[in-house]
Amino acid sequence: MFGFRKKKGDPDKPSAESQPAASQPSDAPSADGESPPAAPESRPGAAPAADAPEQPATSTRSGLFGRMRAGLSRTRESFSRGVADVLLGEKQLDTTSLEEVETQLLLADVGVEATQQIVGGLTERLSRRELEAGRGALEALRAEMLALLQPVEQPLVIPPAPRPFVILVVGVNGAGKTTTIGKLARRYRDEGLSVMLAAGDTFRAAAVEQLQQWGERNEVPVIAQRTGADSAAVVFDALQVARSRGVDVLIADTAGRLHTQSNLMAELAKVKRVMARIDADAPHETLLVLDAGNGQNALSQARQFAEAIGVTGIALTKLDGTARGGIIFAIARALGLPVRFVGVGEGAEDLRGFSAEAYVGGLLDGFDSAA
Ligand SMILES: Nc1nc2c(ncn2[C@@H]2O[C@H](COP(=O)(O)OP(=O)(O)O)[C@@H](O)[C@H]2O)c(=O)[nH]1
Ligand SMILES: [Mg+2]
């Protein structure tokens, strides 16, 4: 067995706040309409926001599962196949078979603790003679996996108040923050909510442009300032504008930062403090975006961000490009933070509300019949 390297976070105490600059709202509506609105998802316990379009539960469900399955195909091909070979291939399961399952789970970035929980559960079933090779074993594995993920299935529901509901999006460079914000803008707009974006990543000109493109495509206003402006000032400004216009949801982008860079972490803390001057409870959601392809490092990022600035939800992106989708079990087990969304592609409709059942289904469905 191996352990995780734990790093100590040492966020510097944030210093004085600078005054926000004047606002430059840029409402840039443009015709898009090339792709239809994302299908709403039906998740148990997920209260849809006002005006969410209705769809027959069955078609929504199969669409949701199909998409998750496609998005998880790489993890599925490596991990699920390996596990299924063991559970379905042997006549009689024994502790050696479970050791093989354990190896497969560890290789898929499930992590030591979550793997122990899953394999421990299977071992108990085995000792009670409740684990028969074949379909039954796969179902037992499914139950153990669901038990790990169900507690973190906590959808982000935008309540009727306060307004604006502020989502601060944080994470390391390249994790998928800006893309996730673009997808969220589309999602909430489709739900009938008015959305505004704040280009809080003032580090690179390209970052502002990228956000503005998403804004234009989805007819959502973006508040931006010049490159190099104070991020906290942009966000403060945006919050004021959003409030005066009665916007429902304000989503703030931030510069990617290494969780080990304490000065940049302090800057994030400042963004939060500045927001709180306008609304003591803002941000109402601090959404940490994690790239699933970072594997165990994503877990360490999550720990550091949670410690330094507080995190209220996680979006796990780029599942479609990695075989490391098992990391979600490690994150769920180690942190227990709500998993709000999963990203399974670059398109606007490729951000899915997290469903434990759909996720585990995406990993395991079909293997019994394929064997
Ligand atoms: N395949 C795939 N690519 C993604 C996903 N989310 C983001 N990306 C891509 O990852 C890259 C970095 O994303 P970006 O949003 O700019 O990251 P940021 O630096 O955190 O803002 C871009 O090329 C995105 O298109 C996803 O779920 N799947
Ligand atoms: Mg970005």
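Can you find even one residue in the range 152-163 that is under 30 Å from Glu100 (Cβ atoms), away from ligand 2 (no atom under 13 Å from the Cβ) and modelled with pLDDT of 95 or more?
Filtering the range 152-163 down to residues under 30 Å from Glu100 (Cβ atoms) leaves 152-153.
Those still in the list that are away from ligand 2 (no atom under 13 Å from the Cβ) too: 152-153.
Of the ones still in play, those that are also modelled with pLDDT of 95 or more are 152-153.
Within the range 152-163, one or more residues are under 30 Å from Glu100 (Cβ atoms), away from ligand 2 (no atom under 13 Å from the Cβ) and modelled with pLDDT of 95 or more.
Got a number for residues in the range 177-211 being surrounded by fewer than 24 Cβ atoms within 10 Å (Cβ to Cβ) and in a loop (DSSP other than H, G, I, E, B)?
7
What is the residue count in the range 213-230 for residues that are polar (S, T, N, Q) and either under 24 Å from the mean Cα position of the chain (by Cα) or away from ligand 2 (no atom under 16 Å from the Cβ) (or both)?
Keep residues of the range 213-230 that are polar (S, T, N, Q), which gives 213, 218, 225, 227.
With either under 24 Å from the mean Cα position of the chain (by Cα) or away from ligand 2 (no atom under 16 Å from the Cβ) (or both) added as a condition, the list becomes 213, 218.
Number satisfying all stated conditions: 2.
Please go through the range 329-361 and pick out each residue that is within 15 Å of ligand 1 (Cβ to nearest atom) and either in contact with a Phe, Trp or Tyr (Cβ under 7 Å, 6 or more places away or on another chain) or assigned to a strand (DSSP E or B) (or both). Walk me through it before giving the result.
Taking the range 329-361 and keeping what is within 15 Å of ligand 1 (Cβ to nearest atom), we get 339-354, 359.
Passing the criteria: Val339, Arg340, Phe341, Val342, Gly343, Leu351, Arg352, Gly353, Phe354.
Scanning for something within 28 Å of Ala298 (Cα to Cα), within 13 Å of ligand 2 (Cβ to nearest atom) and either of a type in the set (S, T, N, Q) or assigned to a helix (DSSP H, G or I) (or both), does the range 231-246 turn up at least one residue?
yes
Could you grab me the full set of residues in the range 312-324 that are under 10 Å from Val289 (Cα atoms), of a type in the set (A, V, I, L, M, F, W, C) and away from ligand 2 (no atom under 16 Å from the Cβ)?
Within the range 312-324, the first condition is being under 10 Å from Val289 (Cα atoms), and the residues that meet it are 313-317.
Going one step further and asking which of them are of a type in the set (A, V, I, L, M, F, W, C), we end up with 314-316.
Matches in the range 312-324: Ile314, Leu316.
Within the range 122-148, track down each residue that is under 27 Å from the mean Cα position of the chain (by Cα) and either surrounded by fewer than 18 Cβ atoms within 10 Å (Cβ to Cβ) or more than 12 Å from Leu364 (Cβ to Cβ) (or both). Spell out how you get there, then give the answer.
Residues of the range 122-148 that are under 27 Å from the mean Cα position of the chain (by Cα), as a first pass: 138-148.
Answer for the range 122-148, where residues must be under 27 Å from the mean Cα position of the chain (by Cα) and either surrounded by fewer than 18 Cβ atoms within 10 Å (Cβ to Cβ) or more than 12 Å from Leu364 (Cβ to Cβ) (or both): Glu139, Arg142, Ala143, Leu146, Ala147, Leu148.
Can you report the number of residues in the range 180-206 which are closer than 25 Å to Pro162 by Cα and either more than 13 Å from ligand 1 (Cβ to nearest atom) or touching an Asp or Glu at 6+ places or on another chain (Cβ under 8 Å) (or both)?
Taking the range 180-206 and keeping what is closer than 25 Å to Pro162 by Cα, we get 180-201.
Restricting the remaining residues to those that are either more than 13 Å from ligand 1 (Cβ to nearest atom) or touching an Asp or Glu at 6+ places or on another chain (Cβ under 8 Å) (or both) gives 181, 183, 186-201.
Summing the residues that are closer than 25 Å to Pro162 by Cα and either more than 13 Å from ligand 1 (Cβ to nearest atom) or touching an Asp or Glu at 6+ places or on another chain (Cβ under 8 Å) (or both) in the range 180-206 gives 18.
The values are calculated or read from the model by the stated rules, or taken from the named source; none is laboratory data. Just so we're clear, the structure is a prediction, and the values are computed from it rather than from any experiment. Using ideal geometry, Cβ is built from the backbone for each residue, glycine included, and neighbour counts are taken over all protein chains shown.
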